[in-house]
Amino acid sequence: MLYTLDGFWQADIGDGNSYSMYLPGTLDESQIGHRDCGSSKWHPDVDMGNMQEDFAPDTPITTRFTRKYTYEGAVRLTRSFTFAEPSGKRVFLEAERARCLALLVDGKEVPCFREATISTPYVFEVTGLLNGTHEITLVSDNSYPGLPHDEICYSSAATDETQTNWNGILGYLRLRIEDPIFLESVRVYPRGNVLTVKAGICAAMPWSGTLSVDSEALEASASVSVSVEEGTAEIVLEKLAFNEDVKHWDEYEGNLYHLTASLSGGMKKTVSFGVRDFGADVDGRLTLNGRVIFLRSEANCAVFPETGHASMSAEEWMEILQIYQSYGVNCMRFHSHCPPEAAFTAADRLGMMMQPELSCWNPKDAFESEDSFSYYQAELTGIIRMLANHPSFVMLTLGNELHGSEKGHERMGKLLAMARGLDSTRLYANGSNVHYGAIGCDRGSDFYTSQKFCGEDLRGTHANMQGYINRCYPNAMNNYDETMTHLRKTYAKPVFSFEVGQFEILPDFRELADFHGVSYPANLKAVQERVRERGLAEVWERYVEATGMLARIGYREEIEAAMRTEQLSGISLLGLQDFPGQGTALVGMLNSHLKPKPYGFAKPEAFKAFFADQLPLVLLPKYTYESTEVLKADVKVANYGKRELAGFLRYELCGQGFCMEMHSETRKICPAGKLTKAGTLEIPLEAVDRPMRLNLTVSIETVSNCYPIWVYPLARLDCPDTVFETEHFNEQAKTALEAGKTVYLTPPSTKEALPCSIQGQFTTDFWSVGTFAGQEGGMGLLIDTGHPIFQDFPTEFHTNWQWWPMATQRAVILPEKFDVIITEMDSYAFLRPMALLLECRCGKGKLLFSSMGLQNLQQYPEARALLSSIYRYLESKDFMPLQEIAPEVIETLVW
């Protein structure tokens, strides 16, 4: 029997005022607290280059969302009520989720019935204390007295960068009525063909009787005689056999059963569970029910801008998880937090795997203090017990990016041993990206998830633009086989990559209309105002779209590189949802409200096309070719679905009125759980008679994948006689302009030649310049596709692979906004006007200015083709620039 305590309570935060507050709820939601001055910052790890921000009294916070109300400390929540306590019963007060919580009845403190944490429910026994009219006071304290404050507040469980360090009570707040002898818990642990049941009996007096269990999943019911003393005892029933036709809980399949435990005398408790095995095979690959799977994980950082806290209902979590599933996600990693149990209830129904973490982010000395070690033992125990019956709960780590000394690592080992002792049906690791991968794998962990292994990459992009995607000429062959070969010398368990992607997208201001709750987007509004000041408002949506398209290209390469790695068990992204803090890291296909951004790049089906369990992979040595070449590439099929793929390998190379089709002569079989070579493509390109952008589509059965290919006939590379080509804006160039001639100004793309410039890169910024200040801010190219200069150089409006040699050159910073043919978009932190290619009337002549240094990129077919297209344009009647730029301005751009 349950009795709700929902309603209005009086709140006292010690400021001399009394406030009315509705529970369940938070101070923020009841508009109680102080102005958010930004004093609560995320962890100041100087090695990460975090930019600090000083706040004057009226300075808006520009590095994260602003809380409309904030308060850290104790709040006393009081109400009086009348309750008739049932005779002969026990009464418990329960709060599903709170910070540090104490209970007073008529001013007298009541001890916790069992040890509680910020991730698990609080329970107080109040038997005999509430009969009649009484005053109840709940003291909630989000300053975490006696607990590891910094670890908790840096984590996603309480950081103001996302969830907020809210104060209050969430979920259920109720009185629970029980018999003197009752089943406190029933935990169900399937393994193989049998089931173990652990029943917790809570007795107010010694008791003897029978415990029985029954389920439609079992061959037969089972019972055992028990005798318990006063207190709590755990009774274990082992090796209960399943029915032969029992259905497994699986990816996409939320097959659930019920089990009822009964005590003689009529007390019953029914729980739901799923029959599933999660583990690893002999090759160190993750398995679900014995089949090899590929983890397609997403990091959830608890971004809930309307409430400032995680959703508490299964229905809301159904919607949340279905959105992620629509993008191809099959596992949710909860970055340094554990969501409410409702999230796991929803995941159970949907067949979504879940990886919670302890509320710990300590990049210095994790678990070394006594309060830290003591608290996280309690939190670990509470989470594992709370989630025991949820088949979706498959993995857990002790926190995010933990660092520690020998003492800290020794304690990590003890925590892992404790976890396995409580529940051996899950996998556990000492952390996610421990020591940023610098010290390699922890042999005591059941899996390894990191960005690196001892300096060797497990993802293609890192902070400050490190990684092969920005450093190496593009292809579709890169993988992490070499890293895995070295890793496997010392570690034989599953490995998956960590926080992959982090490609920033410029902010979409249409989200501003969605803010109605506890957070205020001062950071986004500040950017919007700067955009208006810089005269970019009319083109801004095109900027957003161009950066989003480029970000998706980067995410795809990261995903396919992981899938090309035979021994890798998966990939964990960061992320599909915008992160509102840490300098404002807008990396998502989804905005902070978990809505797809209103552009083509963010459509779920476009992302799921390559974020899938079955995918043909063409191992292209490059994306650009000349028509004299033969496109030759192996094709592999990554099949991590539930059945084999069998059929003819088919391909077509089509576009711009050109099409070639072919299929394999023999039928290919691609077993489930394998990366299989399915064939080799050899496509002569001699029939391509003009520059083309083609689509290479490869398929087997009903699964397919499509790659862009650019093909160019041999380029004309001689500058027209009518054009004066120069690397310097010298007297000769000025004289030519004064004579009314055409000048092609193409300095080397160096800092010396272009003193007012930035180093370009292929991808957009990594995460945010507010976190990683070592990057220069380039956000990719916006290309005027309607300009006649691209008549012989097919291009989209955004950066794609054929732009890699040019995009990685320098972009010149203009003294003011001009009309530009190729714009280098800038980070919202700077919004500088920048260009790679522009034209103007200058003096009495005409000028085309390039910062790409194409003359030094002639080893690339695409650079030759672009230069040829430029030459053709310069001697054509189309070269009639409208804007005028004074020679003195051009002189400031070039050394």
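The values are calculated or read from the model by the stated rules, or taken from the named source; none is laboratory data. Quantities reported herein were computed from a predicted structural model and do not represent experimental measurements. Here Cβ is always computed from backbone atoms with ideal geometry, including for glycine, and neighbour counts include all displayed protein chains. Ligands, DNA and RNA are excluded from the accessible area calculation, which covers all protein heavy atoms including side chains. Shrake-Rupley method; radii C 1.70, N 1.55, O 1.52, S 1.80 Å.
Listed values, structure above:
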{"quantity": "Residue match in the stretch 625-639 (condition: over 30 Å from residue 689 (Cβ atoms), of a type in the set (S, T, N, Q) and in contact with a Lys or Arg (Cβ under 7 Å, 6 or more places away or on another chain))", "calculated": "yes"}
{"quantity": "Yes/no for residue 716 being closer than 17 Å to residue 867 by Cβ, within 44 Å of the chain's Cα centre (by Cα) and in a loop (DSSP other than H, G, I, E, B)", "calculated": "no"}
{"quantity": "Number of the condition not met by residue 648 [criteria: (1) hydrophobic (A, V, I, L, M, F, W, C); (2) without any contact (Cβ under 8 Å) to a residue 60 or more places away in the chain; (3) in contact with an Asp or Glu (Cβ under 7 Å, 6 or more places away or on another chain)]", "calculated": "(3)"}
{"quantity": "The stretch 488-547: number of residues that are open to solvent by 60 Å² or more (accessible area, probe 1.4 Å), part of a loop (DSSP other than H, G, I, E, B) and under 30 Å from residue 70 (Cα atoms)", "calculated": "1"}
{"quantity": "Matching residues, the stretch 866-881, being more than 17 Å from residue 743 (Cβ to Cβ) and open to solvent by 10 Å² or more (accessible area, probe 1.4 Å)", "calculated": "868, 877"}
{"quantity": "Residue count for the stretch 226-235, restricted to those that are more than 18 Å from residue 196 (Cβ to Cβ) and either hydrophobic (A, V, I, L, M, F, W, C) or open to solvent by 80 Å² or more (accessible area, probe 1.4 Å) (or both)", "calculated": "5"}
{"quantity": "Cβ-Cβ under 6 Å pairs, at least 6 apart or on other chains, the stretch 87-104 side crowded, with 23+ Cβ neighbours inside 10 Å, far side among the β-branched types (Val, Ile, Thr) and assigned to a strand (DSSP E or B)", "calculated": "95/169; 98/169"}
{"quantity": "Members of the stretch 553-564 that are surrounded by fewer than 23 Cβ atoms within 10 Å (Cβ to Cβ) and closer than 18 Å to residue 488 by Cβ", "calculated": "564"}
{"quantity": "Spans of strands (runs of 3 or more DSSP E) in the stretch 786-886 with at least 2 residues under 22 Å from residue 474 (Cα atoms) and modelled with pLDDT of 95 or more", "calculated": "810-813, 822-826"}
{"quantity": "Failed item, numbered, when residue 323 is tested on (1) surrounded by fewer than 19 Cβ atoms within 10 Å (Cβ to Cβ); (2) touching a Phe, Trp or Tyr at 6+ places or on another chain (Cβ under 7 Å); (3) among the hydrophobic types (A, V, I, L, M, F, W, C)", "calculated": "(2)"}
{"quantity": "Top-ranked residue in the stretch 105-117 [being touching a strand residue (DSSP E or B) at 6+ places or on another chain (Cβ under 7 Å) and closer than 16 Å to residue 383 by Cα; ranked as least open to solvent (accessible area, probe 1.4 Å)]", "calculated": "116"}
{"quantity": "Pairs where the first residue, in the stretch 595-613, is in contact (Cβ under 8 Å) with a residue 40 or more places away in the chain and the second is acidic (Asp, Glu) and buried (at least 16 other Cβ atoms within 10 Å of the Cβ), C-beta under 6 Å, 6+ apart", "calculated": "597/508; 599/545"}
{"quantity": "Matching residues, the stretch 349-390, being outside any loop (DSSP other than H, G, I, E, B), touching a Phe, Trp or Tyr at 6+ places or on another chain (Cβ under 7 Å) and of a type outside the set (S, T, N, Q)", "calculated": "354, 357, 373, 376"}
{"quantity": "Filter result (surrounded by 17 or more Cβ atoms within 10 Å (Cβ to Cβ) and in a loop (DSSP other than H, G, I, E, B)) within the stretch 679-693", "calculated": "685, 688, 691"}
{"quantity": "The stretch 444-487: number of residues that are among the hydrophobic types (A, V, I, L, M, F, W, C), in a loop (DSSP other than H, G, I, E, B) and either touching a residue at least 12 places away in the same chain (Cβ under 8 Å) or over 13 Å from residue 762 (Cβ atoms) (or both)", "calculated": "5"}
{"quantity": "Residue list for the stretch 723-777, restricted to those being within 35 Å of the chain's Cα centre (by Cα), of a type in the set (Asp, Glu) and open to solvent by 10 Å² or more (accessible area, probe 1.4 Å)", "calculated": "776"}
{"quantity": "Any hit, the stretch 132-143, residues being farther than 17 Å from residue 11 by Cα, in contact (Cβ under 8 Å) with a residue 24 or more places away in the chain, open to solvent by 10 Å² or more (accessible area, probe 1.4 Å) and of a type in the set (Asp, Glu)", "calculated": "no"}
{"quantity": "Test set (1) open to solvent by 10 Å² or more (accessible area, probe 1.4 Å); (2) closer than 27 Å to residue 782 by Cβ - residue 550 fails condition number", "calculated": "(1)"}
{"quantity": "All positions within the stretch 394-412 that are open to solvent by less than 40 Å² (accessible area, probe 1.4 Å) and either assigned to a helix (DSSP H, G or I) or β-branched (Val, Ile, Thr) (or both)", "calculated": "394, 397, 408, 411, 412"}
{"quantity": "Within the stretch 228-280, considering residues that are among the polar types (S, T, N, Q) and out of contact with any helix residue (DSSP H, G or I) (no Cβ under 8 Å at 6 or more places or on another chain), the one farthest from residue 292 (Cα to Cα)", "calculated": "264"}
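Each row is one residue, and each column tells you yes or no for (1) farther than 22 Å from residue 113 by Cα; (2) open to solvent by 10 Å² or more (accessible area, probe 1.4 Å); (3) aromatic (Phe, Trp, Tyr).
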| position | (1), (2), (3) |
| --- | --- |
| 332 | yes, no, no |
| 336 | yes, no, no |
| 350 | yes, yes, no |
| 365 | yes, yes, no |
| 381 | no, yes, no |
| 392 | yes, no, no |
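Residues checked against (1) surrounded by fewer than 16 Cβ atoms within 10 Å (Cβ to Cβ); (2) modelled with pLDDT of 95 or more:
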site: 619; (1), (2): no, yes
site: 634; (1), (2): yes, yes
site: 641; (1), (2): no, yes
site: 653; (1), (2): no, yes
site: 666; (1), (2): yes, no
site: 672; (1), (2): no, yes
site: 677; (1), (2): yes, yes
site: 695; (1), (2): yes, yes
site: 721; (1), (2): yes, yes
